[in-house]
Amino acid sequence: MGGVCSTGIISQLNNLKRQVYPSNVESGDDGSVPKGKIFVALYDYEGRSLNELSFSAQETFDILDRSDDNWWKVQSRKTKEEGFIPIEYIADDYSLTSKPWYFGKYKRREAESALVLSQNSKGSFLIRDSESGAGLYSLSVRVEKTVKHFRIKKDEDNKFSVTENKFSSLDALVGYYKKNKISSTVKLYKPCARIEEPCTKDLAYCTIENWEVDRSIIELKKQIGEGNFGEVWDGTWNGRVRVAVKTLKPNSMQPEEFLEEAKIMKNLCHKNLIKLLAVCTQEEPMYIISEFMKKGSLDVYLKKRKGTPNQVKFHVQINIAAQVASGMAHIEMNKYIHRDLAARNVLVGENNIVKVADFGLSRLVDEDIYMSTGSMFPVKWTAPEGLTHREFSIKSDVWAYGILLYEILTHGGIPYPELFNEQVLSKLQTGYRLPIPPGCKDKRLYDIMLDTWKVNPMERPTFEILQEKLDLYFKIEGSEYLDPKKCN
Ligand code: AMP
């Protein structure tokens, strides 16, 4: 593979601040990585461009060049081949992160949804940082169709224990409980399968310096959507990376403004936000290249399954809602605004993973086109201050999140089906709100929705709080999920 990178450098795009090291790589006191360390791959990786190395999980490497913050030159101990690899895929061989069963900052909710997947059988397990105690860990184990969680205690001698037996390391604890039962029904068998790939900063090694890429190596294979901003295509970059390509309607936004916004979007890296990978801005139509999500938009995904044996179950609905809140909390933390949050702008991937898409884009569309085209302006998702004064903030995103919750719980139902767009504002001004979703007996969820629809934006919760509430949702019920029949 050669000549895959565009040479036209857009300097403003390349001054992105890079994180020094991800949490899976322990740095020395001066920020450097100590020499002579062996690193191990946590995932499989297929090299995407010239000079990159492909490898399998558990393969080990010597580090040859660490001068870039995100891509290191390594030599595989197995194949002796040399090349660059994204450092999010590797960990120091002696660190806790390198253990196949250690999932770091993984929430209880995430552990439950991963462990019940078919890739995992009885006894699959993971250890994660405890959500309640800094420096403490929890052990989550699949037991038949449910998941049990154990707190791992640590005494003053730094010994770990789940039962009365004490161990000097988590490795020793895991080894022991692979041979001996923790309780009458629980024994560790194999580490939970890793279902999410890490979020890499770049599309490929050759786009580090230049993420304005050459459009001739993008192949548009099949049109999969026609959105507000243009067409969406299923495509490939460099013949090997599957990507979604959004082609922007000519003259729908200014290239300079788009690039300014894209710079921010590129920096928002979170597992529940669609990753913007590259752009083509030098000719019309401009392209936005992002990660591809196999199962399409959430509204269609929910609707298609409604009333079938594959109808999305209640605990998955909650998990989806929690993931969206988590992605939006990242947007909130970065002082950014989505402006068009709705189920149609949430995309679904494998294993019920969802990611928020199209953040920030609506701001760029020519306002006259946006506001005048009835189909474009999302009246039923817009907070009153947006409808009356065009005021948009993270708090109007919170309002839209409440509508999105309604969409999730009604399996893609249309909000206010009895109202035309023009009627919505006056109805809201009388104090009217969407009713509790049909069949949803759980008032707690409806209370969350009502909180997001407070007239005063400042009285609406933050996404951080929403995320916590949804993460906590099942904890209140113990380790069992609520009866799915209750809310379907
Ligand atoms: P949008 O312009 O964002 O409304 O997208 C229109 C449609 O294209 C969506 O409803 C999805 O079905 C599809 N789509 C958009 N982005 C992606 C993506 N990153 N991966 C897969 N499908 C996508």
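The values are calculated or read from the model by the stated rules, or taken from the named source; none is laboratory data. The structure presented is a predicted model; accordingly, all values stated were derived computationally and were not measured. Every residue, glycine among them, receives a Cβ derived from its backbone with ideal geometry; neighbour counts consider all protein chains shown. What goes into the accessible areas is simple: the full protein's heavy atoms, side chains included, and nothing from ligands, DNA or RNA. Shrake-Rupley method; radii C 1.70, N 1.55, O 1.52, S 1.80 Å.
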Quiz item: Roughly how big is the chain's charge dipole about its Cα centre, with Cβ charges of +1 (Lys, Arg) and -1 (Asp, Glu), in debye to the nearest 20?
Solution: 2340 debye
Self-check item: Cleavage-rule hits (GluC sites (Glu not before Pro)) in segment 386-469: DSSP loop, at most 12 neighbouring Cβ within 10 angstrom
Solution: Glu418
Quiz item: If contacts are Cα pairs under 8 angstrom and at least 6 residues apart, what is the relative contact order of segment 24-175 in percent?
Solution: 14 percent
Quiz item: Highest mean first, what order results for 229-235, 380-386 on Cβ atoms within 10 Å?
Solution: 380-386, 229-235
Quiz item: How much net charge surrounds Glu219 when only other residues with a Cβ under 11 Å from its Cβ are counted (Lys, Arg +1; Asp, Glu -1)?
Solution: +4
Practice problem: Would you kindly derive the ³J(HN,Hα) couplings of segment 106-123 from the backbone phi angles with the Karplus curve 6.51 cos²θ - 1.76 cosθ + 1.60 (θ = phi - 60°), listing them in order in whole Hz, with x for Gly and Pro? | Solution: 9, 7, 4, 4, 5, 4, 5, 6, 6, 5, 7, 5, 5, 5, 10, 10, 3, x
Quiz item: What is the extension gain from Ala57 to Leu425, computed as 0.36 nm multiplied by their sequence separation minus the C-alpha to C-alpha distance, in nm to one decimal?
Solution: 127.1 nm
Quiz item: Counting only protein heavy atoms and using a 1.4 Å probe, what share of the accessible area of segment 104-193 belongs to carbon plus sulfur, as a whole percent?
Solution: 49 percent
Quiz item: Under unit Cβ charges (Lys, Arg +1; Asp, Glu -1), what dipole magnitude, rounded to 20 debye, does segment 104-193 have relative to its Cα centre?
Solution: 340 debye
Quiz item: Hey, what does the equivalent ellipsoid look like for segment 154-254, semi-axes from the Cα gyration tensor as sqrt of 5 times each eigenvalue, largest first, whole Å?
Solution: 52, 17, 14
Quiz prompt | Heavy-atom surface of segment 104-193, accessible at 1.4 Å and reported per residue (Å²) | solution = 51 Å²
Quiz item: What residue among Gly225, Val186, Ile288 has its Cα farthest toward the positive end of the dipole of the chain, where the charges are +1 on Lys, Arg and -1 on Asp, Glu, each on the Cβ?
Solution: Val186
Practice problem: Using a 10 Å cut-off on Cβ atoms, rank the peptides 273-280, 243-250 from the highest mean neighbour count down. | Solution: 273-280, 243-250
Quiz item: Mean separation of Cα pairs under 8 Å and 6+ residues apart, divided by the residue count of segment 298-367: what relative contact order is that in percent?
Solution: 34 percent
Exercise. Enumerate by residue number the trypsin sites (Lys or Arg not before Pro) in segment 112-156 meeting two conditions: DSSP loop (anything except H, G, I, E, B), and at most 14 other Cβ atoms within 10 Å of the site's Cβ.
Key: Lys122, Lys145
Self-check item: Potential lengthening between Glu260 and Asn456 on full extension [0.36 nm per residue; Cα-Cα distance subtracted]
Solution: 67.4 nm
Self-check item: Exceeding the 18 Å Cα-Cα cut-off - candidates Lys306/Lys380; Lys246/Lys355; Lys304/Lys380; Lys271/Lys380; Lys105/Lys313
Solution: Lys306/Lys380; Lys304/Lys380; Lys271/Lys380; Lys105/Lys313
Exercise. Compute the relative contact order of the chain as a whole-number percentage, counting only Cα pairs closer than 8 Å that sit 6 or more residues apart in sequence.
Key: 11 percent
Quiz item: Looking at Asn70, Leu387, Cys199, which one has the Cα that reaches farthest to the positive end of the dipole of the chain (charges on Cβ: Lys, Arg +1; Asp, Glu -1)?
Solution: Cys199
Exercise. At q = 0.06, 0.10, 0.12 Å⁻¹, work out log10 I(q)/I(0) for the chain with the Debye formula, treating every Cα as an identical point scatterer and leaving solvent out; two decimals please.
Key: -0.30, -0.85, -1.20
Practice problem: Project the alpha carbons of segment 253-364 onto their principal axes and report the range along each, largest first, in whole Å. | Solution: 48, 30, 20
Quiz item: If you average over every viewing direction, what projected area does the convex hull of the Cα atoms of segment 105-192 give, in nm²?
Solution: 5.4 nm²
Exercise. List the residues whose amide H sits under 5 Å from the amide H of Val346, counting only those 5 or more places along or on another chain, with H placed 1.01 Å from N in the peptide plane.
Key: Leu298, Asp299, Ala357
Self-check item: Tail fraction, Cα-Cα pairs, segment 298-473, threshold 22 Å, whole percent
Solution: 41 percent
